[in-house]
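The values are calculated or read from the model by the stated rules, or taken from the named source; none is laboratory data. No experiment lies behind these values; they were computed from the predicted model shown. Cβ atoms come from the backbone with ideal geometry, glycine included; neighbour counts cover every protein chain shown.
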Amino acid sequence: MQQSNAYIIIFSVILTVVLGLLLSGTSEVLKPIQKKAEELDTKKQILGAVVPAEQISRMKAEEINQFYESRIASKVVNIAGEEVEEQDGVQVTAENIDVAKNYKKAPEDRLYPVFIFHEEGNEEAANAYIFPVYGSGLWDNIWGYLALQTDMATIEGITFSHAGETPGLGARITSPEVQQRYKEKSIYSESGELVSVVMQKGEGKDYSGEPHKVDGLSGATITAEGVNKMLKNYLEHYQSYMERKKEGTPKMALN
Amino acid sequence: MSTETAEKSPALKDSEDLLSKRRKKLITDPLVDDNPITIQVLGICSALAVTTQMQPTLVMALSVIFVMVMSNLTISLLRNKIPTRVRIIVQLAVVASLVTLVNEVLKAFAYDMYKELSVFVGLIITNCIVMGRLEAYALGNKPYDSVLDGFGSALGYSWIILTVAFFRELWGSGSLFGIPVFDSISSLFGEDFQLATNGLMVSPVGAFIILGLLIWVQRSKTGYVEH
């Protein structure tokens, strides 16, 4: 009786409309909250490069916002290392730059955010510079934040995130234990060349004496290669900025 | 109506207790005797994927309970209106909408969990337990009974994945809900003593082993044999 085609079509249309309204309604209501959650997560990732993970996980959302506010300053630079304040007449802020979107452009056209970890209330007294990095792993994109000490060569800390690496293998780049390996490594060779830090093949070797190598991830060679490429690429993109800063540092130290 | 696939419950008196014996069975049966994972062996995929740690597993369990109860309720309310020929699509649409709802809520209020679980929450749609109960029960029974049935099945699923997660996190990462249990135990025995964790437990293989052991223990107790 109720099986006529007309009935089926009408039923389907009503169902679609009802479910569609329900979902778009929820999405609309929740959007501002989701946006806040996303921003908080980005701040956590940025801070993760310079603050131990346990400390961050203990902090409440408000504390993180406050900490970020008082300790992080941000800038936007271009490939030449020049500060950019507006693009196409629109003001740019580092927090609003979508690194993933910029990744699709040619390196010369991208905007590069720089986050400066400084003493509380004093933006001049920088403790570390944090650079977002972005690349691809085995299955999907990977990204992270690399913090350099003020000599612009020694790694202060690093955080990685990923969209779809294999759990237990490539996804291990998010574990503090793996990120710890990058600490105190140097991205410049003794002759002053940018060599980045390279994750090696295989796992379990001790690279503590070698400033440009870190222990690898067994079973996740392609992810590790992605990480290496990502670091190398973005360090090159940020190189001009780093050089500029390096020239500036001795003067500041003399004061 | 799709009577050929739906289990018909016996004719009922109008005034049945809210939790009569029959209704209690709807909840308790899927816990052990008719457990969706260990007996029907459904929903294994997510049981393997999300169970490395207790916290995401708990969120997953709650999500599945919500989706199953709500979808069973909706389908049961609509059961006389749903055209038989498109009933699977209707079920799918309802389940998918509920899952999207869960995902959106997680994204807003538990972003860390959302990042960790988002793929697997999405996969609740394809969890055979959900569609299975809709098709087998909700299409042929009254709303309240269907809700209980969905709740029971979801609980049966939940306690199994939580048990698996308990062993996997404890054994694989030496912690429970992120609290380092192994470290605290080890420190009781002095400096040199350190309980070792097993990397196998962190990989999906570990879940297979725990699940296999669970099924073994359960079947040797209940005497259940597959026909």
Requiring at least 2 residues that are away from every other protein chain (no Cβ under 12 Å), without any contact (Cβ under 8 Å) to a residue 40 or more places away in the chain and more than 18 Å from the chain's Cα centre (by Cα), the helices (runs of 4 or more DSSP H) wholly within region A:1-75 are A:61-71
B:SER76 meets each of (1) hydroxyl-bearing (Ser, Thr, Tyr); (2) over 27 Å from B:GLY212 (Cα atoms); (3) within 13 Å of chain A (Cβ to nearest Cβ); (4) buried (at least 18 other Cβ atoms within 10 Å of the Cβ) with one exception, condition (3)
In region B:79-94, anything more than 10 Å from chain A (Cβ to nearest Cβ) and within 18 Å of B:TYR144 (Cβ to Cβ) is listed as B:ARG79
Exercise for the section: Assess whether B:SER97 counts as being more than 11 Å from every other protein chain (Cβ to nearest Cβ) and hydroxyl-bearing (Ser, Thr, Tyr). Expected result: no
Handout entry: Boolean, B:PHE109 is within 14 Å of another protein chain (Cβ to nearest Cβ), more than 30 Å from B:VAL217 (Cα to Cα) and among the hydrophobic types (A, V, I, L, M, F, W, C)
Key = yes
All conditions in (1) within 16 Å of A:SER74 (Cβ to Cβ); (2) crowded, with 18+ Cβ neighbours inside 10 Å; (3) at pLDDT below 90 are true of A:PRO132 except (3)
Restricting attention to region A:25-37, the residues that are exposed (fewer than 15 other Cβ atoms within 10 Å of the Cβ) and under 18 Å from A:ILE64 (Cα atoms) number exactly 2
B:ASP17 passes all but one of the listed conditions (1) within 13 Å of chain A (Cβ to nearest Cβ); (2) in a loop (DSSP other than H, G, I, E, B); (3) among the charged types (D, E, K, R); the exception is number (1)
Of those in region A:147-171 that are within 14 Å of chain B (Cβ to nearest Cβ) and at pLDDT 85 or above, the residue surrounded by the fewest Cβ atoms within 10 Å (Cβ to Cβ) is A:SER161
